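Novice: Quick one: structure below, then a few questions.
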Amino acid sequence: METTQKERQRDPWLWVPSLYFAEGIPYVIVMTMSVVMYQRLGISKTDIALYTSWLYLPWVIKPLWSPLVDLTRTKRFWIVCMQFFISAGLGLAAFSVASPDFFKWSLMMFLLMAFASATHDIAADGFYMLSLSAHEQSLWTGWRSAFYRAAMVVGSGWLVMLAGWLEKKGGVPRAWTITLFTAAGMFVLFSAWHLVMLPRPANDGPVRMGRSFGEEFFATFKSFFQKPGAGMALAFILCYRLDEAQLAKVLQPFLLDSRGAGGLGLETGQVGLAYGTIGILALTCGGLLGGYLAAKHGLKKMLPFLVCSMYLPKLAFVFLSFLQPRSFLVVCGAVTLEQFGYGVGFVAFLLYLLYFSDGPHRTAHYAICTGFMAMGMMIPGTWSGWLADHLGYKRFFVWVICSAAPGFILALLLKVDPRFGKKAESAPAP
């Protein structure tokens, strides 16, 4: 059937929000909601921490099979199929809750779901790049982040609240069975919606350069590391969020810890409001502002402002740790400032990944970038708790500010085409 011009160029509002909302939901279910579910079903904290940590693996190693998505079928095909598989995985996980060996079977379903979700991420990001111009990518970067964050709220908030309400009505296993079926139903709707609403761009197809499949598969990796400035790009990807990777693991314990231990002594509900609600709203607004500025002026011109917005607001936590204010409004203000600045600055990171990945194998190359991004968040996080225990919160937050120096310097040294992101022109591949 012939594809019409309308189908090739659908309004991004019809698919970008739903696509990135669908990208976030399985991640938060596997990494966050599953922890709550297992705790409510009586699994020990040791087993929960050990086994659910391994569920993060598919997102770290997804570059290993990213060329497969680039070299076979269309990105559109992979998106719809993976959403269907995620729905099936959630349905099977729901069935497993009532079985005697529910922990083993549900973990297996979540792991398969994680691989499907990581594959979906590869295809979705590739589809985003080939369906939108460089200017549109800049303009929509804030919105895609906003809807991804909305998925975090739904997955770790509303679905958990639904399970909690159902627990009071009919028992714990039944509550989580219904909750997982609800999530499975969402993905049936996502796959149906995107089957109809995703555009059909003419350039969405297997990427081949006249070589065999095997040659092309390995050539995809080789071409990534042969890009001009690949070493600088990888250093930037690994270092840009070095401060955030450490802060993320310590921030909530700092807010919850007693004042005698150097924390702020907030209640759990207050942390949820300050960080999980107001903070996410500020993060979303910051992302929208950063995306707008980059689309209006171009990434290169706005890069110094975006980078400063990323790092300087973290001084708010130095302020909180030294003064330990008792006013909840002051704490909320500091958290809001930091999250807003992080949202603005993170746009620079996402746009540079899009810029550096541009080229024939943009889908696989973007997946490689995000794999290194995950590594850059995972490794520093492993030592952050130990470091905070040994330094104390005051000196730890000062260290966090200092650890931003490599990312700050590397960001300002990046070579970016001045036209990238602007409406009038699109930049060539680096």
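Novice: Which ones in segment 42-53 are modelled with pLDDT of 80 or more and either closer than 21 Å to residue 152 by Cα or surrounded by 15 or more Cβ atoms within 10 Å (Cβ to Cβ) (or both)?
Specialist: 43
Novice: What is the residue count in segment 219-244 for residues that are crowded, with 20+ Cβ neighbours inside 10 Å and of a type in the set (Lys, Arg)?
Specialist: 1
Novice: Do we find a residue being charged (D, E, K, R), within 23 Å of residue 242 (Cβ to Cβ) and in a helix (DSSP H, G or I) anywhere in segment 330-339?
Specialist: From segment 330-339, those charged (D, E, K, R) are 338; that's our starting set.
Then drop every residue that is not within 23 Å of residue 242 (Cβ to Cβ), which leaves 338.
Keeping just the survivors that are in a helix (DSSP H, G or I) gives 338.
Checked segment 330-339: at least one residue is charged (D, E, K, R), within 23 Å of residue 242 (Cβ to Cβ) and in a helix (DSSP H, G or I).
Novice: Are there any pairs, at least 6 apart or on different chains, whose C-beta atoms fall under 6 Å, with the first in segment 115-134 and buried (at least 22 other Cβ atoms within 10 Å of the Cβ) and the second outside any helix (DSSP H, G or I), and if so, which?
Specialist: Cβ pairs passing all conditions: 131/199; 131/201; 134/420; 134/421; 134/426; 134/427.
Novice: Given the condition assigned by TED's automatic domain parsing to the domain that holds residue 156 and touching a Lys or Arg at 6+ places or on another chain (Cβ under 6 Å), answer yes or no: does some residue in segment 45-61 qualify?
Specialist: Within segment 45-61, the subset assigned by TED's automatic domain parsing to the domain that holds residue 156 is 45-61.
Remaining after also requiring touching a Lys or Arg at 6+ places or on another chain (Cβ under 6 Å): none.
Within segment 45-61, not a single residue is assigned by TED's automatic domain parsing to the domain that holds residue 156 and touching a Lys or Arg at 6+ places or on another chain (Cβ under 6 Å).
Novice: Another one. Identify, from the list 410, 354, the residue that is crowded, with 18+ Cβ neighbours inside 10 Å and at pLDDT 90 or above.
Specialist: 410
Novice: Looking for something in contact (Cβ under 8 Å) with a residue 12 or more places away in the chain, farther than 18 Å from residue 90 by Cα, part of a helix (DSSP H, G or I) and not small (Gly, Ala, Ser) - is there at least one such residue anywhere in segment 167-187?
Specialist: Yes, there is a match, as at least one residue in segment 167-187 is in contact (Cβ under 8 Å) with a residue 12 or more places away in the chain, farther than 18 Å from residue 90 by Cα, part of a helix (DSSP H, G or I) and not small (Gly, Ala, Ser).
Novice: OK, next. Tally the residues that are among the β-branched types (Val, Ile, Thr) and within 13 Å of the chain's Cα centre (by Cα), restricting the search to segment 110-135.
Specialist: Of the residues in segment 110-135, 1 are among the β-branched types (Val, Ile, Thr) and within 13 Å of the chain's Cα centre (by Cα).
The values are calculated or read from the model by the stated rules, or taken from the named source; none is laboratory data. Since we're looking at a predicted model, the values are computed, not measured. As a convention, Cβ positions derive from the backbone with ideal geometry for all residues, glycine included, and neighbour counts pool all protein chains shown.
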